[in-house]
């Protein structure tokens, strides 16, 4: 069986501030060169090169970032980049892109939804798994990628696998049916998952044929169909932006997990040992950089003098950071703000952001 | 007895980097507004206002800083500011200024030598003590100010007091003869000093009549006399800089403590409980600022958001510093370099400076 035509849809609407002070409302992390000299969005398209040509790359993002996306992805046709007038969670965004792909590529195309702000250290294995997933998707499955957990992390949703759908794929891994999606667990529950086995982290990547997706929407979110039809009718015309601006905001605000994936019957999961990391905190980034081969007792991007300094993550491309007598410290320097915290506290950047909101320091958010 | 005419000589040649990254070779701490909005040099002259008029303020500094001094002290006659062509330790500098004062004010004037980079939180008491010191100096004493120690600090020389010279002065304190100058002690020895009592920190401030000083130099450092005579003969003429540049560098390199003070017979010490601090490290500055009334759990100059942050010293006039989960941390932000260390390690800034020298980062020194 030939590999079906694959299109990639990249939801790039995240506005997270978990990598503050580098990520800001105006420049969320997907638009930053956090890990390499390419932005995370560019890396997302780089890693499907050879599998998906630029004209089958699609992005749906916050309207105010659409031009930035077009600049960063100059090979992608401008029409492929859709700017949401407002955020309505993931189901309207993904559903609209499926409806657009039905028009541009037809129902047999397979749509892979790949978040714009994740790191994948083993792109070759990732592409092999995408190919396998596309084949399974062509049989009517909604295929998710399941990350083998390295610990009882409570920051992710989990996917419980069931019976085997395929013993072996060309990627060298099996395909399982999904027994159940599990929301972010408590620590105790997560430890149970690891003990029991058969659980994977939900990395938010899924692959399905356009036909499958469209049917799922018609079945489970039928109220969106009229809106999708209006917007798709205007797609490619001068009226597109105005129709989108009128119709999109009244679509139901709901997640694709809750609205579609958890309700589908034929759902599969492929174990994806691909060096995945969501870079959801500075500590998570430090883990990526260490895994990617950063050597030495400190991870330094920029300029650092360390006296008795061990296990540090230092980001300071412009200024010199000097540290004395500090273990496991994170220092992130930007032109107008500096974050300093122990690695164990990097998730609490949220509290800094909240305090800045309270102080109305919108210039720093 | 009337208070004698007092002239103040401010040695401002220090090039210390103990407050790096704020203090640099080009701008040592005496030229910085570290504690208030005035520079430490300006504060040194401010605190003798009313006691010593601007035309009796003299400064001897590194030649490359002489113009900066003239700018900072615009009320002081430019001739009163002497720029050393090279540093020759303190004895040549103080001796030359005494010889110049002998010419400009005559031998009966009292010369108070006051370092340019110290903090004194009780200037009124300081002035009262200076007046008392000047009276004792007029009787032929070399008078030192002794800081009552608040702990067994090993960073200072100590002055051991002997018999009482005066029971009471108008400053409300007695005057003692000096039994002995003691170099920086070990911790054990310093603890012994505190137990025994009668020991003071040597703050490097001393007061003597020009006559007394000139006699001490003629007796103990006679080899400098010819040089002083040549330079003083040129003082006030167009040849001054060139004669200074020729003669000063060949004067013996020796400290005034070792060359003069320790050899004098009539040496007195006045206990000076004046809120003195040498600001010899960021930790010492934090102590000053706390004593000066900075309130709150952190001392902040500039912009700071602290989450679970206690006992911090934050200096960041331009950027925002965000800290999470850090106790007793020092953060000093400047346009090109940032220092981060626990308070207990602030003396180790020296190691950072040494490393920068090794890396030839002269731009940061």
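One residue is enough: does the range A:282-293 have a residue meeting the conditions at the interface with chain B (Cβ under 7 Å from one of its Cβ atoms) and touching a helix residue (DSSP H, G or I) at 6+ places or on another chain (Cβ under 8 Å)?
no
Of everything in the range B:28-58, what is more than 15 Å from the chain's Cα centre (by Cα) and without any contact (Cβ under 8 Å) to a residue 40 or more places away in the chain? Give them in sequence order.
Hits for the range B:28-58 are B:33, B:36, B:37, B:38, B:49, B:53, B:54, B:55.
For the range B:157-168, what are the residues that are assigned to a loop (DSSP other than H, G, I, E, B) and free of Cβ contacts under 8 Å to residues at least 60 places away in the same chain? Break it down stepwise before answering.
Filtering the range B:157-168 for residues assigned to a loop (DSSP other than H, G, I, E, B) gives B:157, B:167-168.
Of everything in the range B:157-168, those that are assigned to a loop (DSSP other than H, G, I, E, B) and free of Cβ contacts under 8 Å to residues at least 60 places away in the same chain turn out to be B:167, B:168.
Step by step: first the residues of the range B:65-79, then only those that are part of a helix (DSSP H, G or I) and more than 19 Å from the chain's Cα centre (by Cα), then the one that is nearest to residue B:122 (Cα to Cα). Which residue is that? First the steps, then the outcome.
Restricting attention to the range B:65-79, the residues satisfying the condition of being part of a helix (DSSP H, G or I) are B:65-72, B:78-79.
Okay, now just the ones that are also more than 19 Å from the chain's Cα centre (by Cα), so B:67, B:71, B:78-79.
Numbers: B:67: 30, B:71: 26, B:78: 29, B:79: 30 Å.
Only one residue tops the list, namely B:71.
Condition first: buried (at least 22 other Cβ atoms within 10 Å of the Cβ), in contact with a helix residue (DSSP H, G or I) (Cβ under 6 Å, 6 or more places away or on another chain) and in a helix (DSSP H, G or I). Can you find one or more residues in the range A:41-56 that meet it?
Yes; the residues of the range A:41-56 include at least one that is buried (at least 22 other Cβ atoms within 10 Å of the Cβ), in contact with a helix residue (DSSP H, G or I) (Cβ under 6 Å, 6 or more places away or on another chain) and in a helix (DSSP H, G or I).
Which ones in the range B:231-249 are touching a helix residue (DSSP H, G or I) at 6+ places or on another chain (Cβ under 7 Å) and surrounded by fewer than 16 Cβ atoms within 10 Å (Cβ to Cβ)?
The first filter runs over the range B:231-249 and keeps only residues touching a helix residue (DSSP H, G or I) at 6+ places or on another chain (Cβ under 7 Å), leaving B:231-232, B:234-236, B:240, B:243-244, B:247-248.
Answer for the range B:231-249, where residues must be touching a helix residue (DSSP H, G or I) at 6+ places or on another chain (Cβ under 7 Å) and surrounded by fewer than 16 Cβ atoms within 10 Å (Cβ to Cβ): just B:236.
Looking at the range B:312-325, which of its residues are out of contact with any helix residue (DSSP H, G or I) (no Cβ under 7 Å at 6 or more places or on another chain), assigned to a strand (DSSP E or B) and within 11 Å of chain A (Cβ to nearest Cβ)?
Once the filter is applied, which keeps residues that are out of contact with any helix residue (DSSP H, G or I) (no Cβ under 7 Å at 6 or more places or on another chain), assigned to a strand (DSSP E or B) and within 11 Å of chain A (Cβ to nearest Cβ), the range B:312-325 yields B:314, B:316, B:318, B:319, B:321, B:323.
Count, please, the residues in the range A:294-311 that happen to be surrounded by fewer than 21 Cβ atoms within 10 Å (Cβ to Cβ) and facing chain B (nearest Cβ under 7 Å).
Residues meeting the conditions: 1.
Please count how many residues of the range B:245-278 are part of a helix (DSSP H, G or I) and either under 25 Å from residue B:204 (Cα atoms) or under 23 Å from the mean Cα position of the chain (by Cα) (or both).
From the range B:245-278, those part of a helix (DSSP H, G or I) are B:245-250, B:256-259, B:261-263; that's our starting set.
Going one step further and asking which of them are either under 25 Å from residue B:204 (Cα atoms) or under 23 Å from the mean Cα position of the chain (by Cα) (or both), we end up with B:248-250, B:256-259, B:261-263.
Matching residues across the range B:245-278 total 10.
Could you pull out the residue among B:5, B:60 that is in contact with a helix residue (DSSP H, G or I) (Cβ under 8 Å, 6 or more places away or on another chain), surrounded by fewer than 20 Cβ atoms within 10 Å (Cβ to Cβ) and closer than 28 Å to residue B:106 by Cα? Full working, then the answer.
Working: B:60 fails: surrounded by fewer than 20 Cβ atoms within 10 Å (Cβ to Cβ).
The unique qualifying residue is B:5.
Do you know which residues across the range A:188-207 are under 22 Å from residue A:279 (Cβ atoms) and not in a strand (DSSP E or B)?
The one that is under 22 Å from residue A:279 (Cβ atoms) and not in a strand (DSSP E or B): A:190.
In the range A:332-348, which residue that is over 17 Å from residue B:343 (Cα atoms) and within 7 Å of another protein chain (Cβ to nearest Cβ) is surrounded by the fewest Cβ atoms within 10 Å (Cβ to Cβ)? Spell out the reasoning first.
Kept after step one, since they are over 17 Å from residue B:343 (Cα atoms), are these residues of the range A:332-348: A:332-339, A:343-348.
Add one more test, that the residue is within 7 Å of another protein chain (Cβ to nearest Cβ), and what stays is A:333, A:336-339, A:345, A:348.
Working: A:333: 23, A:336: 13, A:337: 24, A:338: 25, A:339: 24, A:345: 21, A:348: 17.
The qualifying residue surrounded by the fewest Cβ atoms within 10 Å (Cβ to Cβ) is A:336.
If you go through the range A:326-365, how many residues are part of a loop (DSSP other than H, G, I, E, B), in contact with a helix residue (DSSP H, G or I) (Cβ under 7 Å, 6 or more places away or on another chain) and in contact (Cβ under 8 Å) with a residue 40 or more places away in the chain? Write out each step before concluding.
At the first step, the residues of the range A:326-365 found to be part of a loop (DSSP other than H, G, I, E, B) are A:328, A:334-336, A:359-361, A:365.
Now drop any that are not in contact with a helix residue (DSSP H, G or I) (Cβ under 7 Å, 6 or more places away or on another chain), which leaves A:328, A:336, A:365.
Restricting the remaining residues to those that are in contact (Cβ under 8 Å) with a residue 40 or more places away in the chain gives A:336, A:365.
Residues flagged as part of a loop (DSSP other than H, G, I, E, B), in contact with a helix residue (DSSP H, G or I) (Cβ under 7 Å, 6 or more places away or on another chain) and in contact (Cβ under 8 Å) with a residue 40 or more places away in the chain within the range A:326-365 amount to 2.
Is it the case that residue B:15 is touching a strand residue (DSSP E or B) at 6+ places or on another chain (Cβ under 8 Å) and surrounded by fewer than 18 Cβ atoms within 10 Å (Cβ to Cβ)? Break it down into steps so the answer makes sense when it comes.
Values: touching a strand residue (DSSP E or B) at 6+ places or on another chain (Cβ under 8 Å): yes; surrounded by fewer than 18 Cβ atoms within 10 Å (Cβ to Cβ): yes.
Judged against the criteria, residue B:15 is a match.
When you go through A:329, A:314 one by one, which is the residue that is surrounded by 14 or more Cβ atoms within 10 Å (Cβ to Cβ), over 26 Å from the mean Cα position of the chain (by Cα) and modelled with pLDDT of 95 or more?
Details: A:314 fails: over 26 Å from the mean Cα position of the chain (by Cα).
That would be A:329, the only listed residue that is surrounded by 14 or more Cβ atoms within 10 Å (Cβ to Cβ), over 26 Å from the mean Cα position of the chain (by Cα) and modelled with pLDDT of 95 or more.
Out of the residues in the range A:121-156 meeting the condition of being surrounded by 21 or more Cβ atoms within 10 Å (Cβ to Cβ) and in contact with a helix residue (DSSP H, G or I) (Cβ under 8 Å, 6 or more places away or on another chain), tell me which one is nearest to residue A:285 (Cα to Cα).
A:145
Quick test of your reading of the structure: residue B:353 fulfils all but one of (1) more than 7 Å from every other protein chain (Cβ to nearest Cβ); (2) surrounded by fewer than 22 Cβ atoms within 10 Å (Cβ to Cβ); (3) within 27 Å of the chain's Cα centre (by Cα). Name the failing condition by number.
Condition not satisfied by residue B:353: (2).
Sort through A:262, A:291 and tell me the only one that's over 18 Å from residue A:60 (Cβ atoms) and not assigned by TED's automatic domain parsing to the domain that holds residue A:169.
Working: A:262 fails: not assigned by TED's automatic domain parsing to the domain that holds residue A:169.
Being over 18 Å from residue A:60 (Cβ atoms) and not assigned by TED's automatic domain parsing to the domain that holds residue A:169 holds for just one of A:262, A:291, which is A:291.
Can you tell me which of B:143, B:82, B:154 is at pLDDT below 95 and under 18 Å from the mean Cα position of the chain (by Cα)? Spell out how you get there, then give the answer.
Numbers: B:143 fails: at pLDDT below 95; B:82 fails: at pLDDT below 95.
Sole residue among the options that is at pLDDT below 95 and under 18 Å from the mean Cα position of the chain (by Cα): B:154.
For residue B:333, indicate whether it is assigned by TED's automatic domain parsing to the domain that holds residue B:11 and in contact with a strand residue (DSSP E or B) (Cβ under 8 Å, 6 or more places away or on another chain). Before the answer, list the steps.
On the way: assigned by TED's automatic domain parsing to the domain that holds residue B:11: no; in contact with a strand residue (DSSP E or B) (Cβ under 8 Å, 6 or more places away or on another chain): yes.
Answer is no for this residue.
I'd like to know if the range A:287-310 contains one or more residues that are more than 30 Å from residue A:127 (Cα to Cα), within 24 Å of the chain's Cα centre (by Cα) and at pLDDT 95 or above.
For the range A:287-310, residues more than 30 Å from residue A:127 (Cα to Cα), within 24 Å of the chain's Cα centre (by Cα) and at pLDDT 95 or above: absent.
The values are calculated or read from the model by the stated rules, or taken from the named source; none is laboratory data. Quick caveat, the model's predicted, so the values are computed rather than measured. Please note: Cβ atoms are built from the backbone with ideal geometry, for glycine as well, and neighbour counts cover all protein chains shown.
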